[in-house]
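The values are calculated or read from the model by the stated rules, or taken from the named source; none is laboratory data. All figures in this text were calculated on a predicted structure; none of them were measured in a lab. Virtual Cβ from ideal backbone geometry, glycine too; neighbours counted across all protein chains shown.
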Amino acid sequence: MSSWLCAEGFFMNKQNTRIAIGIIVGVGLIASLYLWLIAALYFWPNRCVDLDSGHRLVMGTFARVVAVAADSSTAKKCIDAALAEIEKVDELMSDYKSDSEISEVNRDAAGRAVKVSRSTYKVLQRSVEFSKLTDGAFDVTVGPLVDQWRAAADANSVPSDTELATARSKVGYEKLILDANEMSVRFAVEGMRIDLGGIAKGYAIDKAIEALQNSGAAGGMVDIGGDIRCFGVPAGKKDSWLVGLQDPNKAVVGIGGSGILLKLKLRNRAVATSGDYQQFILIEGERHSHIIDRKTAAGARGLSSVTIIAESATDADALATAVSVMGAEKGLTLIEAIPETEAILISSQPQYKLLKTTGAEKYIE
C-alpha cells in the first residue's frame, strides 16, 4: 500500500511538472510573439496602421494623439487610453476646476495638510527639484504673481510696486511643505497658490505615451498645446517624427499659427516650447510675457521662444519655462550641463536671433 501511494505521488508530481513546463513555454511563446510583432512593425512600418485623434479641447488647449499599430482596432484602443490619461491629469491638476486636487490645495493648504494622489504628489515633488536646479527660475508657487498680472490685464493697468511686493511675499517653493509619508501638501504662508501651467502638460503627455505603449502601439505621438513627445515607428511611413518650430516673426496668435522656422526630426524624444509670441498679457497696448519671473515679479524678458528637446515631456516643459526666465546665457549653460537635453532659443524682437546648444543640430532637418 505504501509503495502504491509513493508511486502515485511520483506520477502526480511528474504530471504537475509537465503542466508547469507547458504553462511556462506557453507564456514564453506569447511574449516572443508580442516582441516579434513589435519588432516587425518597427522594421517593416508598411504593415502599420496610423490613426489620428484630431484635435480635442483639454487642459485649456488643444490635444492630439497619433497611434501607429498593427490594426485600426488596436490603434483606436491606444488613442482612447492616451486621451483618458490626459483627462485624468486635467481632473487632478487644473486650477480652473474647483473640484480638482490642486484647487483643494490652493483653498485649504495654508490651514491644514491636504492629502493628494500619487500623480499630483509626484508632479509637485518634481517641481521642487526643478526649482532647486534652476534657482527658482521655475517655481510652481508663482500663482499669486500670475493672479496679480491677470487682474492688471483685466483692469488695463500695470500693477503697483506695493501690489507686486505683496504678491511676491506669498511666492517661493521653499514655502511649499511636502510630506512623502502622508502624501500631503501644506503652505507655510497664507495666500500661496500653486500654478502647474509650466509642468502639468508635460506630465500628461508622458502619461499618455505610457498608455499608448501599454496598449500595444508600435509608435505614437502626443501633442498638447504644442508640447510633443513621440516614440517608436513614425506615422506616415517616414524615418522620423517631424515637428515644426514656428517663426515668432511670422506666427499668428491662436492654434497652429503660420510660418515654420525649421523642422525637428525626432525619435523617442519630447519637445516643449515656451514663448511670448502667442501667449502674453496686454496692458495699455504693451505686451508682457505670461511667464512670470518671481525675482522681478514681472514677465520674463529677452527670449521670444525657448524650445527644449529632452527624453521626457515633463522635463522639457519645466525646463522651457525655466530657461525663458533665466535668459539665453544662463539658460544655455544649464541645458549644456543636463545629459540628453538640448535647447533652441530665439531672442526677442526685433532681431529674433537663433541660439542653440552644441548638440541641437542633430535634431534639425
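Does R107 satisfy the condition of being free of Cβ contacts under 8 Å to residues at least 24 places away in the same chain, assigned to a helix (DSSP H, G or I) and surrounded by fewer than 18 Cβ atoms within 10 Å (Cβ to Cβ)?
Here the answer is yes, as R107 does meet what is asked.
From the set of residues in region 252-282 that are in contact with a Leu (Cβ under 9 Å, 6 or more places away or on another chain) and closer than 30 Å to N156 by Cβ, which is modelled with the lowest pLDDT?
Here the answer is D276.
Might you let me know whether region 24-47 holds any residue that is polar (S, T, N, Q) and at pLDDT 55 or above?
yes
Restricting to region 312-337, count the residues that are within 19 Å of G198 (Cα to Cα) and not in a helix (DSSP H, G or I).
Qualifying residue count, region 312-337: 2.
List the residue pairs whose Cβ atoms are under 8 Å apart, where the first residue sits in region 343-365 and is more than 20 Å from A270 (Cα to Cα) and assigned by TED's automatic domain parsing to the domain that holds D315, the second is acidic (D, E) and surrounded by 16 or more Cβ atoms within 10 Å (Cβ to Cβ), and the two are 6 or more positions apart or on different chains.
S348/D276; Y352/D247
Looking only at region 163-200, count how many residues are assigned to a loop (DSSP other than H, G, I, E, B), surrounded by 15 or more Cβ atoms within 10 Å (Cβ to Cβ) and of a type in the set (D, E, K, R).
Count: 3.
Taking the condition of being assigned to a helix (DSSP H, G or I), touching a strand residue (DSSP E or B) at 6+ places or on another chain (Cβ under 7 Å), surrounded by fewer than 18 Cβ atoms within 10 Å (Cβ to Cβ) and outside the structural domain of L124 (by TED's automatic domain parsing), how many residues in region 55-104 meet it?
3
Do you know which of the residues in region 133-184 that are among the basic types (K, R) and touching a strand residue (DSSP E or B) at 6+ places or on another chain (Cβ under 9 Å) is farthest from R294 (Cα to Cα)?
Per the criteria, the residue is R150.
Somewhere in region 68-90, is a residue over 30 Å from V49 (Cα atoms) and not aliphatic (A, V, I, L, M)? Steps first, answer last, please.
Quick first cut of region 68-90, residues over 30 Å from V49 (Cα atoms) only: none.
No.
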